[in-house]
Amino acid sequence: MGLYCDFLAQHEQSTTNMLGAILKQLMNREGIPEHIRRAFHRAKREFGGRSLLLPDMIEILKETITSLLRVYICIDALDECTAKHRRGLLDSLRKVARVSPNTRVFLTGRLHIDDEIGKCFAEAARAPISSTHTDVKNYLEMRLDGDTDPNVIDDELRADIMRIIPKISEM
């Protein structure tokens, strides 16, 4: 199962929505199990026909994942998620992984969230990856060369971008 956290979609990326996206990917494999149908029907019968709450979603994921042989959950760019939802997601994943030894969680994000991840997954293996000055310059050149409107950036602005951004990325 995989998720990509997008800075521009932070409002849609609540903890419940992200867990729901994982659950949906699990369901695309075998259809909707009865325990999930019951949970959704119970929620609909509540006052106002609410959607599932976070504790409901965690329990459904626990039950679904423990019935599978092996599950890999990959979440990319976790640092792009708001701090509130990131903490909720990490805590939820910890609860799911704790009862399901067949689950592996793979997370990527910038180094500033490493402590948050460590609090939920203390035993996790870590592999810090960082870009070099050359990596950043190559990426910028590729993006600038692929610009669909080359008239927007003149030579002076391009030179400033190529000088300033690689310097900032080293901080």
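The values are calculated or read from the model by the stated rules, or taken from the named source; none is laboratory data. From a predicted model like this one, the values you see are computed outputs, not experimental measurements. Glycine gets a Cβ as well: all are built from the backbone with ideal geometry, and neighbour counts include every protein chain shown.
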So which pairs qualify, if the first residue must be in segment 50-62 and more than 14 Å from ILE22 (Cα to Cα), the second must be surrounded by fewer than 13 Cβ atoms within 10 Å (Cβ to Cβ), the Cβ gap must be under 8 Å, and the two must be at least 6 apart or on different chains? ARG50/LYS44
Any idea which of ILE22, ILE58 is in contact with a Lys or Arg (Cβ under 8 Å, 6 or more places away or on another chain), under 24 Å from ASP114 (Cα atoms) and at pLDDT 75 or above? ILE58
Please indicate, with yes or no, whether at least one residue in segment 140-157 is surrounded by 15 or more Cβ atoms within 10 Å (Cβ to Cβ), over 30 Å from ILE60 (Cβ atoms) and over 27 Å from the mean Cα position of the chain (by Cα). no
Can you give me the number of residues within segment 100-115 that are surrounded by 14 or more Cβ atoms within 10 Å (Cβ to Cβ) and under 28 Å from ARG38 (Cα atoms)? 3
Out of the residues in segment 63-83 meeting the condition of being in contact (Cβ under 8 Å) with a residue 60 or more places away in the chain and assigned to a helix (DSSP H, G or I), tell me which one is farthest from ALA122 (Cα to Cα). GLU80
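Within the group THR148, THR108, which residue is under 30 Å from LEU68 (Cβ atoms), of a type in the set (Ser, Thr, Tyr) and without any contact (Cβ under 8 Å) to a residue 40 or more places away in the chain?
Criteria check complete, one pass: THR108.
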Count of segment 116-139 residues which are among the polar types (S, T, N, Q), surrounded by 10 or more Cβ atoms within 10 Å (Cβ to Cβ) and in a helix (DSSP H, G or I): 1
